[in-house]
Each structure stands twice: as structure tokens, then as C-alpha cells.
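Note sheet for the following structure.
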Amino acid sequence: MLGLVACAGPRTAHDRGTVAPAGVDTTPVAASMQPGAPDALVGGPFSGAWESCEGAPSPEECSRYLLVQRGERICGIWSYLASGQAYDGRLVSRATSPTQARRTHVCGRPGAETDTECSDGWQRIDKPLLLCDGKLGDLVGAGGECFADYQAAHASQGEWDRLLAAPWVQECLSSPL
């Protein structure tokens, strides 16, 4: 699982290309914009490392998403710190446009994001993932506006290698849940 990692500063940009239909690989456009990002990462605009450090007393306490996208499918891991406790888990989402996706399945350490351990399976959910103003959001404002506080971030090659090698990620990217 993703350990909490200090941020090395935001990257220059995330791919702003369109979302390809399910099962269609896209050209690796963003690899040159995301240092250290593997080619398999660049399947769409949600791919990348994202972190929110709002209120975090140190970079190690930032909330993070590490996402890979292939066509409409987005698979990844999340982590956050609350009340001195670390929480992390997995997620599956479906892109509905280049800037909107719905998280459909989640698992991890029970807390605010899930009540299902990954060893017990997946919890079905219907929650947003949004891209606006170059940031990732996982909440919608009361008036439906995008609330995005996750900025592009650095992830080590080792983090990408571990994520992409995980059997659940390979299954997630290649078959529907």
C-alpha cells in the first residue's frame, strides 16, 4: 500500500486530453510532462499523483491519491491522516467526461472513506472525482460547483512500480468489477 510520502512539489501539468472509450489505449502524451511517470500511467486526465496539504502540519500528513487511467477506468490508491491515525485504501472509478468521474468501488482501512477492508472485498459507492482549474476534487459544493483541493504532486518511481504491479490494479484496468 501507499505509504505517506513527503511531497517534492507539484508537477508542471496533468494531461488535459479527452477520455477514450473503455478498452482503448491513448497515446502517451503526458509522459514528458510528468517526470518519472511510467507510460502505463498516461491513459487520461485523471492519471497522476495528487495531494492536498490543506491544514497538514507537515508534508508527510498530506492527503493523497495515486491514480492510473485506461479509457474510462480509473484505478488507484488513497491515503489520509486523521486524529493521528493513517488511513489508506483502493478505489475504482469510471470517467464520464474529461473532467468528471464517479468513484464506484472503494476498500481500505475503515474510516471516513470506507467501512470495508480490502481483504473483505469492495464497498459500492457513488461519489465524484472532478478536475477543475488543474486540480483534482472528490467533493461537490452545495450548489454543484467543483471543489478541488488536490494539486498535482510527485510520486517516486517505486510508488508507480508497486501500484502498477499490484494484481488488483492489473485486473481493475483490464476487466469490469
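The values are calculated or read from the model by the stated rules, or taken from the named source; none is laboratory data. Since the structure is predicted, the reported quantities are computational estimates derived from the model, not experimental observations. Neighbour counts are summed over all protein chains in view; Cβ atoms, including those assigned to glycine, are modelled from backbone coordinates with ideal geometry. Note: areas computed on protein heavy atoms with side chains; ligands, DNA, RNA excluded. Shrake-Rupley method; radii C 1.70, N 1.55, O 1.52, S 1.80 Å.
Any idea which residue in region 146-161 is most open to solvent (accessible area, probe 1.4 Å), counting only those that are over 16 Å from Ser97 (Cβ atoms) and free of Cβ contacts under 8 Å to residues at least 24 places away in the same chain? Spell out the reasoning first.
To start, the set of residues in region 146-161 that are over 16 Å from Ser97 (Cβ atoms) comprises 147, 149-161.
Then drop every residue that is not free of Cβ contacts under 8 Å to residues at least 24 places away in the same chain, which leaves 147, 158.
Working: Phe147: 104, Gly158: 27 Å².
Result: Phe147.
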Any hit, region 119-139, residues being part of a helix (DSSP H, G or I) and open to solvent by 20 Å² or more (accessible area, probe 1.4 Å): yes
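Going residue by residue through region 144-159, is there one that turns out to be part of a helix (DSSP H, G or I) and hydrophobic (A, V, I, L, M, F, W, C)? Steps first, please.
Here is the first cut: in region 144-159, the ones part of a helix (DSSP H, G or I) are 157-159.
Checking the rest, the ones that are also hydrophobic (A, V, I, L, M, F, W, C) come to none.
So far as region 144-159 goes, no, none of its residues is part of a helix (DSSP H, G or I) and hydrophobic (A, V, I, L, M, F, W, C).
Would you pick out the residues in region 68-109 that are among the acidic types (Asp, Glu) and either outside any strand (DSSP E or B) or open to solvent by 60 Å² or more (accessible area, probe 1.4 Å) (or both)? I'd like the intermediate steps shown before the answer.
Filtering region 68-109 for residues among the acidic types (Asp, Glu) gives 72, 88.
The one that is among the acidic types (Asp, Glu) and either outside any strand (DSSP E or B) or open to solvent by 60 Å² or more (accessible area, probe 1.4 Å) (or both): Glu72.
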